[in-house]
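A short worksheet on the structure shown next.
Values in this text are rule-based calculations from the coordinates and carry no lab data. Worth saying up front: this structure is predicted, and the values here are computed from it rather than measured. Neighbour counts run over all protein chains shown; Cβ positions are idealised from the backbone, glycine included.
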Amino acid sequence: MARFSSTSPPRPQQKKTQRPVLTALFDCLRRAHASPAALAIVVTGSGSKAFSAGFDINQFAKSGGGGGIDNRINDAFCELLESGAKPTVAAVRGLALGGGLEVALACNARVATKGTKLGLPELQLGILPGFGGTQRLPRLVGLQLACQMMLTSGPVDDRKALAAGLLDAVVEDASMLLPAAKALAIAIANGEKPRLETLYRTDRLEPLGAALPLLDFASAEAAKRAPHLRHPQLTLGAIREGVEKGGRAGLLAESRAFAEAASLDAHKALVHFFFAQRATKKVRGVTDVPGVSPRPMKVVAVLGGGLMGSGICTACLLNGIDVVLKEVNQQALDAGVGRVRANLASRVKKRKMTQEKADALMARLKPTLDYADFSTADMVIEAAVENVAIKQAIFADLAKACKPDAVLSTNTSTIDIDVVGAKLDPQAASRVVGNHFFSPAHIMPLLEVVRGPRSSPQAVLDTLHFGLAIKKTPVVVRSCTGFAVNRVFFPYTQAAMLAVDCGADPWMIDAAAGPGPGFGMPMGPFRLSDLVGADIGLHVGKNVVESFGERSYPAALVAAMVEAGKLGEKSGSGFYAHGGGRGSRAKPDREGMAPLIKASREGAARQYNNALPQFGPKLGINTAEDIAAFIFYPVVNEACRVVAERVVDKPSDLDVAAVMAMGFPPWRGGLIKWGDLVGPKRIVARLDAWAEAFRPAGLAGFFEPCGYLRQAAERGTALGAGVAAEARM
């Protein structure tokens, strides 16, 4: 068979933005169809790892939309891959995702190697398959699996794909792939195997009487899971059009749906977030320092085996890092080891790991009561009590016990990194950084890498790559109260508490901020308070008030709950009743909270001389969207302060941190991106109005727009533009 390489340049009449890879593929197909030397055509990837991992997402970012998909591309798929003069077979290995899978779907047959994964993940970017995937996938695997694959963006492996009809054959390894694909292509060309054109197949589609109810059910479920999102419904609409009117009509519907999805804010936000995640790996003054390269952290010593420390140990063990765990006495050490074992046992119970694997990981954990066992550690993570004197004493001991190039890190969430290492000599102090995990540490995806004023680029770079090694998304931040995430989100709870003291219903606020038809957070501020614990909230609140004074709201309600023993999940009651303990289904505890809320409102009225405005229409708050604005606009305001103070290297880092630590809806893009989509002018106008309304009570500072936000509103610039590059970290 003749070989036609896809190295030919784009055709002169086509624009450079017209996907040079596809253009070259189509040129090869035209030559192959026209060549008398070719009996059939095999399409395969040029790399050793993948058929195709998908469409170039950079095209979405450059175009500001869907990358300019047009019907000529779909016409070429139909004419050259599916219905040309000669049959085509896709030879797939490794990955066939997105547009790559759509190329394979348009071929007349598909052969893959073992271990191949196939999927259409476009909905993760706020769009839908645009090269015929909504039409061809259901015709190969049926509507139920096709809808599942598209709506969840989940790939299937070679075994499931073969059983479902997505693949025609699977071979053991790459050396067998092309021979098998060629043999199948020749068999089709010779009439020994049927030539099937996927777009016109109906044999695997459910009968119309079953198909339409199935699509109705999928639409209802998608609306329930993601009521704010339009693109899942657009996807199902395109599928329905093809089922009812045929594949060609479906392609036209798909093209229209793609264009509409690409114009939506969700697409812009999700593409932004995609690139923002990858950008966290590059930090000025850290990853660009000549001669500084990351060192592997092969042994990590963890000081403290409580919930956080044991979670950190688990995260390290799960990713091949040996761990030394130290505690102050045998009882505490045994408890810490038990927590690590329980974390692994949970994975065994969920069938994510075998018991043999769990036992092997536990064998890599070395419990100790002696600092002498820290001598081999590449990094130490201190997870002890939040006490400055104790931490300073610990780090003095660590500087003596550890090797001179070991990274000395702390998991503190409240103490300045520079204060932790204040009593160390300059060489030891340069190795002190923050490793701020979020609980549970082995599950939560974000790691704040806290850079103190004396932290060396080497120590920060090592910690950044340690985060990547344990499968976290690390974000480098400068040391300040609350670092990035906790600082930015302190107004989330405080604005909610202020609203309650002004007469708002706490559970109505939770509904407006939370999942379902609400703003989209995993839980509202009061449900979050119960999860964290009112006692922890009181402690954090005191730090916030001490640091940020006039722009904070010291809610008396939290202190009253602590005094009453209503701590939330840990005590069984708070804003919600938690009859089954932690993780149980929560029910609003209106009766239990009523006297505390009444007393809090009366106390606030006295404290602020009856000057608090009534929550509701007088504040311009009439809808759930208005409630969410009251809660989140102050959060965006604080995020802008964090950007202006250069706590983060770039605004997009804060977007990633907000999504991964707090569950801010990724389809909103993160705090800064969402602020840009809403519009700085709109946010400033409402904050100014609320500042005036609360000025008689002396609380205008809680709402006053910061200079960075106000300047963006006045100049019409984006919040995500950030500060000047030379002024960054």
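Assorted remarks:
- Sorting Glu221, Glu206 from the fewest to the most surrounding beta carbons within 10 angstrom yields Glu221, Glu206.
- Likely footprinting exposure, Phe575, Phe489, fewest C-beta neighbours within 10 Å first: Phe489, Phe575
- Among Ile312, Thr376, Ile390 - extreme Cα towards positive end, dipole of the range 299-479, charges at beta-carbon: Ile312
- The chain: DSSP helices with Cα axial extent of at least 24 Å and average Kyte-Doolittle hydropathy no lower than -0.5: 208-225, 330-349, 624-644
- Relative compactness, the chain, computed as alpha-carbon Rg over 2.2 N^0.38 Å: 1.07
- 30 Å Cα-Cα reach of Lys400 towards lysines, excluding residues that sit fewer than 8 places from it in its own chain: Lys298, Lys326, Lys366, Lys391, Lys423, Lys472
- Taking the DSSP beta bridges with both ends in the chain, the antiparallel portion is around 20 percent.
- Cα gyration tensor shape of the range 508-646, rounded if a/c is under 1.5, else prolate or oblate by comparing a/b with b/c: rounded
- Near the amide H of Ala112, within less than 5 Å, lie the amide hydrogens of Val92, Ala169, Val170, Val171, all on another chain or at least 5 residues away, with H placed in the peptide plane.
- Alpha-carbon Rg/Rh ratio, for the range 94-145, with Rh computed the Kirkwood way: 0.95
- Overall form of the range 20-263 per C-alpha gyration tensor (a/c, 1.5; a/b vs b/c): prolate
- Approximate spin-label separation Gln427-Gln148, in nm, with each point projected 7 Å along Cα-to-Cβ: 6.0
- Listed residue pairs exceeding 31 Å between alpha carbons, taken from Lys160/Lys281; Lys268/Lys618; Lys114/Lys650; Lys160/Lys357; Lys350/Lys673: Lys160/Lys281; Lys268/Lys618; Lys114/Lys650; Lys350/Lys673
- Loop-resident sites, the range 391-481, for trypsin sites (Lys or Arg not before Pro), counting at most 15 other Cβ within 10 Å (DSSP): Lys423, Lys471
- Both radii come from the Cα set of the range 621-701: Rg as radius of gyration, Rh as Kirkwood radius; their ratio Rg/Rh reads 0.99.
- Remark: relative contact order (the chain) = 9 percent; criterion is Cα-Cα distance under 8 angstrom and separation of 6 or more residues.
- Less than 5 angstrom separates the built amide H of Glu206 from those of Leu143, all sequence-distant by 5 or more or on a different chain.
- Given charges at beta-carbon only (K, R positive; D, E negative), |dipole| of the chain in Debye: 1440
- Note on Trp667, Trp507, Trp690: ascending count of other Cβ atoms within 10 Å places them as Trp507, Trp667, Trp690, the fewest first.
- Think of the chain as a dipole: +1 on every Lys or Arg Cβ, -1 on every Asp or Glu Cβ, centred on the Cα centre; then among Thr88, Ala360, Val302, Thr88 lies furthest on the positive end.
- In this structure the amide hydrogen of Thr473, modeled in the peptide plane, comes within under 5 Å of the amide hydrogens of Leu446, Leu447, none closer than 5 places in sequence on its chain.
- Beta bridge orientation in the range 20-263: antiparallel %, DSSP, nearest 5: 10
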